[in-house]
Amino acid sequence: MKIVLVGYMASGKTSVGKLLAKELEHKFIDLDEYIEVQQEQSIKTIFSEKGEIYFRKVEHKMLKKVLDENDSMILSTGGGTPCYAGNMDVILKNSEHSIYLQLTVPELVERIRREKEQRPLVQKIADEELPEFIGKHLFERRQFYSQAMHIIDCNDKPLEAVVSAIKELLV
Ligand code: S3P
């Protein structure tokens with residue numbers, strides 16, 4: 001069974017994916033990490049040295065490759081993955097479950113404020129500008145995330161509760 005997690009930056013895709021994979025005894029793949037290993041460079045360096053368009057092309061190729069090569073896994077994607085190059089269609093056609101980890105703008109602002117450094121798209125945005133940036137960005141991206149087969153409201157839910165909610169969807 002292939003399960004794909006989608007959602008905005010800092011929505012918990014990696015932590016949820018890891019714990020879910022552990023509890024279901026499935027293989028876990030983090031797409032960003034996979035790209036970093038394949039490219040032998042951090043996402044931050046790929047963005048700064050080769051630019052976002054190059055990253056999006058690699059991301060598209062790697063998404064198809066991991067979905068092709070694995071019959072069973074939990075895959076956590078990058079925040080932009082579903083929004084480019086027809087990737088949401090690729091996800092829908094090649095997975096049994098796609099899950100949008102949904103959070104409100106204020107909750108995302110809080111989380112991203114704390115961990116901006118490693119994220120090239122928000123790294124240079126001043127804290128006071130984050131609400132407007134994230135609000136607009138999520139408005140554009142939501143149409144892609146919302147195509148996921150399931151939507152989980154993650155606001156005020158600890159990690160374990162999100163994982164339990166996903167497991168309930170799967171039975
Ligand atoms: C991105 C999100 C990042 C990473 C890259 C671009 C985005 O992943 O793929 O920096 O476009 O939202 P996370 O969602 O894991 O931060």
Legend entry - Selection within the range 35-55 - under 27 Å from I166 (Cβ atoms) and either within 11 Å of the ligand (Cβ to nearest atom) or charged (D, E, K, R) (or both): I35, E36, I43
Inset, instruction - Provide a single number: the residues in the range 110-146 that are in contact with an Asp or Glu (Cβ under 7 Å, 6 or more places away or on another chain) and open to solvent by 90 Å² or more (accessible area, probe 1.4 Å). - result: 1
Legend entry - In the range 39-54, the residues that are open to solvent by 80 Å² or more (accessible area, probe 1.4 Å) and in a loop (DSSP other than H, G, I, E, B): E40
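For every residue, the table says whether it meets (1) in contact with a Lys or Arg (Cβ under 6 Å, 6 or more places away or on another chain); (2) of a type in the set (A, V, I, L, M, F, W, C); (3) at negative phi.
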site: A10; (1), (2), (3): yes, yes, no
site: L20; (1), (2), (3): no, yes, yes
site: E25; (1), (2), (3): no, no, no
site: D30; (1), (2), (3): no, no, yes
site: E40; (1), (2), (3): no, no, no
site: I53; (1), (2), (3): no, yes, yes
site: R56; (1), (2), (3): no, no, yes
Inset, instruction - Please list, ordered by first then second residue, the pairs with beta carbon atoms under 9 Å, 6 or more apart or interchain, first in the range 118-146 and closer than 16 Å to G80 by Cβ and among the basic types (K, R), second within 11 Å of the ligand (Cβ to nearest atom) and not in a helix (DSSP H, G or I). - result: R119/M9; R119/A10; R119/G79; R141/Y8; R141/G79; R141/G80; R142/Y8
Inset, instruction - With the checklist (1) of a type in the set (D, E); (2) open to solvent by 20 Å² or more (accessible area, probe 1.4 Å); (3) touching a Gly at 6+ places or on another chain (Cβ under 8 Å) in hand, flag the one item E96 doesn't pass. - result: (3)
Inset, instruction - Report yes if some residue within the range 14-34 is polar (S, T, N, Q) and within 19 Å of I91 (Cα to Cα); otherwise report no. - result: yes
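Residues checked against (1) touching a helix residue (DSSP H, G or I) at 6+ places or on another chain (Cβ under 8 Å); (2) assigned to a helix (DSSP H, G or I); (3) open to solvent by 50 Å² or more (accessible area, probe 1.4 Å):
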site	(1), (2), (3)
I3	yes, no, no
S11	yes, no, no
G17	no, yes, no
I29	yes, no, no
R56	no, yes, no
H60	yes, yes, no
I74	yes, no, no
Inset, instruction - Looking only at the range 68-82, decide whether some residue is within 14 Å of the ligand (Cβ to nearest atom) and farther than 25 Å from F139 by Cα. - result: no
Legend entry - Scope the range 14-32; condition within 14 Å of the ligand (Cβ to nearest atom) and over 16 Å from L67 (Cβ atoms); matching residues: T14, S15, V16, K18
Inset, instruction - Could you grab me the full set of residues in the range 117-171 that are under 27 Å from N94 (Cα atoms), touching a helix residue (DSSP H, G or I) at 6+ places or on another chain (Cβ under 9 Å) and of a type in the set (D, E, K, R)? - result: E140, R141, D153, E160, K167
Inset, instruction - Go through (1) more than 12 Å from the ligand (Cβ to nearest atom); (2) more than 22 Å from N70 (Cβ to Cβ); (3) open to solvent by 10 Å² or more (accessible area, probe 1.4 Å) and name the single condition C154 misses. - result: (3)
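The values are calculated or read from the model by the stated rules, or taken from the named source; none is laboratory data. Quick caveat, the model's predicted, so the values are computed rather than measured. Ideal geometry is used to build each Cβ from the backbone, glycine not excepted, and the neighbour counts take in all protein chains shown. Only protein heavy atoms, including side chains, enter the accessible area calculation; ligands, DNA and RNA are left aside. Shrake-Rupley method; radii C 1.70, N 1.55, O 1.52, S 1.80 Å.
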